[in-house]
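Structure record follows, encoded as structure tokens.
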Amino acid sequence: MAHIKTAISLQKTLLQKIDALARELDISRSRLFALAAEEFLQRYQNRQLLDAINAAYDDLPDPEEEALRQQRRHQHRQLVDEPW
């Protein structure tokens, strides 16, 4: 996979924390940024998927519809259970 260099601007204190963590993890700063970006993208994609799933299930019947459905089920059950 090709690597591309890029430049970003960060607050000095944030860069110091990043450098410290990279040293602690014994990885390069570039690798730490790559890991962080990958995790962010994965979380973002997971959030989009969750939002899509929630939207798909968001069309559940409202309480009024559910009450009517229960009433119809009860009526149907009475018809089915009646003796011939």
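The values are calculated or read from the model by the stated rules, or taken from the named source; none is laboratory data. Being a predicted model, the structure only gives us computed values, none of them experimental. Quick reminder, even Gly has a Cβ in these numbers, built from the backbone with ideal geometry, and neighbours come from all protein chains shown.
A few remarks follow.
- Residues of the range 10-25 satisfying the condition of being surrounded by fewer than 10 Cβ atoms within 10 Å (Cβ to Cβ) and under 16 Å from Ala36 (Cα atoms): Leu14, Glu24
- Arg43 meets the conditions (1) touching a Pro at 6+ places or on another chain (Cβ under 8 Å); (2) at pLDDT 95 or above; (3) among the charged types (D, E, K, R) in every case but one. The failed one is (1).
- Close pairs from the range 18-31: first acidic (Asp, Glu), partner surrounded by 12 or more Cβ atoms within 10 Å (Cβ to Cβ) and assigned to a helix (DSSP H, G or I), Cβ under 7 Å, at least 6 apart: Asp19/Arg29
- Yes/no for Ala37 being in a helix (DSSP H, G or I) and among the small types (Gly, Ala, Ser): yes
- Criterion (over 16 Å from the mean Cα position of the chain (by Cα), assigned to a helix (DSSP H, G or I) and of a type in the set (Gly, Ala, Ser)) met by exactly one of Ala22, Ala7, Ala56, Ala52: Ala22
- Failed item in (1) in a loop (DSSP other than H, G, I, E, B); (2) at pLDDT 90 or above, with Ser30 passing the rest: (1)
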